[in-house]
Amino acid sequence: MIPVAAYRDQTVAVIGLARSGLTAARALQAGGASVICWDDNEEAQARAKAEGLTVTDLNARDWSDLAAVVLSPGFPLTHPEPHRYVKMAESVDVPVIGDIELFALAVNALPENQRPRVIGITGTNGKSTTTALLGHLFHHAGLDAQVGGNIGRGVLDLDPPHSGAVYVLELSSYQLDLAHSLRCDAALLLNVSPDHLDRHGGMEGYVRAKTRIFQNQRPTDAAIIGVDDEHTRRIATGWLAKGGRNVIPVSSGRALSRGVYALGGALYDATGTSVRQVAELDAVETLPGRHNHQNIAAAFAAARAAGLSADAIRDGLKSFPGLAHRLEKIAEIDGVAFVNDSKATNFDAVRQALAVYGNIYWIAGGRAKDESLKSLSDLFPRISKAYLIGEAQDGFARGLKDVMPVDKSGDMETAVARALADARASGAPDPVVLLSPGCASFDQFKDFEDRGDTFRRIVERITRDSASIQGASA
């Protein structure tokens, strides 16, 4: 845990007592603050009390003595409208912050010679993969890499900072909105496409939240920006033209005069005086597809900025195990591959998966977002049949029935069984049963991990049953 002494001998309220909230409360207490906690959920209150934390109904308490309010990123800060707790804090001029800001305060309080390196990663898609990949590269090189934030461990649950540590943090737009003094030695903005627009008041607000990752950088710090979409390309081009920043563009589709790019199955470093091929991408079997090649390019740029050699990065890439729920190959049954891409909760992420494979038996659906299936139409020829589940199945069926065979499966168990049967019977080369839902999971599952784990369990059971049958007939 990272103690936070910025509010020593002051009173701080922590609102929202899930993983990050409980850790924030403990970190503040360890730093000498007086902490009061609240969550509208009674089970969350009970968990906090069981840990010895002070739980007080903040709806019935005077806030004028509070030094800060630490808010869970799940509460709306500005849109569709500020949560009532935000309004209450503003009425008494109390700052509203998040756990990332507490981390920043703890790091900023250190002498410069004790400060760890901080690498922040954000973007609509790919940030979890890139974060995990960077953590792996640093671990492989023998460094103390602390990986967390919006992935894995909460940021304040990581080990205390020291000069040899590297903090690799996945940062959501919600977390960035609540961080004011975070400085990243390397900040990565991978891509931007429409997502969470209701929470940011539209695309402009969403882009503004994402670019907060760069807000406290010094001129020598690395601003690593994917340039394969309109929004990020405009940001990178503007900053390069203006000067005063160490901007490193990355791409997975075109050569760059300066930056890091993937092209023709190879990775190139053009950050120096000449262009060098630094890796063969086919050697990184766990990261297939153009979008993953952009993730590799961004991770390479960040690792080089942090001091790793190209040889060390190349060796680390080859041993990366991949990320659960993101193009994760689960099994192969009778020549049919099963790929778990449950983390694809929007069509931009689905597009990335569909572009990797052919002869796809696509499991899709859940709680739909405000997106049009037409945005995927150029990839429909890759799909042999769609198996639809959850609340979205009827709407998806209407949108797809004229362009491909559709099965309204309803639930995961049925979808997997029918997809396997059809793929087996197809005779097509290298069929793939791909779970890439393009929807939120909350209609049938706790979260996207629960959805992906359910898919895995079903496939693993079928694998065992298939092996048993083959063994009995031998």
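The values are calculated or read from the model by the stated rules, or taken from the named source; none is laboratory data. As the structure is a prediction and not an experimental result, all values here were calculated from the model. As a convention, Cβ positions derive from the backbone with ideal geometry for all residues, glycine included, and neighbour counts pool all protein chains shown. Surface accessibility is based on the protein's heavy atoms, side chains included, excluding ligands, DNA and RNA. Shrake-Rupley method; radii C 1.70, N 1.55, O 1.52, S 1.80 Å.
Each residue, Ala283 and Glu332, gets one label point 7 Å from its Cα in the Cβ direction; the gap between the two is 2.3 nm. Extending 7 Å from Cα along the Cβ direction at Lys401 and again at Asp93 yields two label points whose distance is 6.2 nm. Computing FRET efficiency as 1/(1 + (r/R0)^6) for Ala255 and Asp378, where r is the C-beta to C-beta distance and R0 is 25 Å, gives about 0.60.
Distance from the C-alpha centroid of region 116-165 to that of region 245-324: 18 Å, rounded to the whole angstrom.
Loop-located GluC sites (Glu not before Pro) in region 76-137 (DSSP state not H, G, I, E or B) with no more than 11 neighbouring Cβ atoms inside 10 Å do not occur. The convex hull defined by the C-alpha atoms of region 194-264 has an orientation-averaged projected area of 5.3 nm².
How do Leu373, Leu171 stack up against each other in accessible area, from largest to smallest, with a 1.4 angstrom probe? Present the calculation step by step, with values, prior to reporting the outcome.
Numbers: Leu373 20, Leu171 0 Å².
Sorted by accessible area, descending: Leu373, Leu171.
The H on the amide N of Val55, modeled in the peptide plane, is under 5 Å from the matching H of Cys37, each at least 5 residues off or on a different chain. Packing around the peptides 420-433, 299-312, taken as the average count of other Cβ atoms within 10 Å per residue, puts them in this order, highest first: 299-312, 420-433.
Return the FRET efficiency for the residue pair Arg290, Gln215: r is the Cβ-Cβ distance, R0 is 25 Å, and the value is rounded to the nearest 0.05.
On the way: r = 30 Å, r/R0 = 1.19.
The value I calculate is 0.25.
I want the antiparallel fraction of DSSP beta bridges within the chain, as a percent rounded to 5. Walk me through the numbers on the way to the answer.
Working: 15 of 73 bridges.
Around 20 percent antiparallel, to the nearest 5.
With 0.36 nm allotted per residue and the present C-alpha distance subtracted, the Asp443-Asn41 stretch has 142.7 nm of extension available.
Panel values: region 36-185, Kirkwood radius from alpha carbon pairs, Stokes-Einstein at 25 °C and 0.890 mPa s, translational diffusion coefficient 145 µm²/s. Modelled spin labels at Thr273 and Arg464, positioned 7 Å past Cα toward Cβ, are 6.2 nm from each other.
On average, how much area does the Cα convex hull of region 408-471 cover when viewed from any direction, in nm²? Can you show the working numbers first?
Values: hull surface 20.6 nm².
The Cα convex hull of region 408-471, projected and averaged over all directions, gives 5.2 nm².
Where in region 210-240 is the amide nitrogen less than 13 Å from a point lying 7 Å along the Cα-to-Cβ axis of Asn108? Within reach of a label on Asn108: 215-218.
Computed over the alpha-carbon atoms, region 293-343 gives an Rg to Rh ratio of 1.14, Rh here being the Kirkwood radius from the mean inverse distance. Based on alpha carbons, the Rg and Dmax found for region 352-472 are 14.4, 50 Å.
What percentages make up the Cα-Cα pair-distance distribution of region 302-401 when the bins are 5 Å wide from 0? Each 5 Å bin holds this share of Cα pairs: 2, 10, 18, 21, 15, 11, 8, 7, 5, 2, 0. Dividing the summed -39500 (n - 2.57) terms of all DSSP H runs of n ≥ 4 by the residue count of the chain sets its mean residue ellipticity at 222 nm at -10500 deg cm²/dmol.
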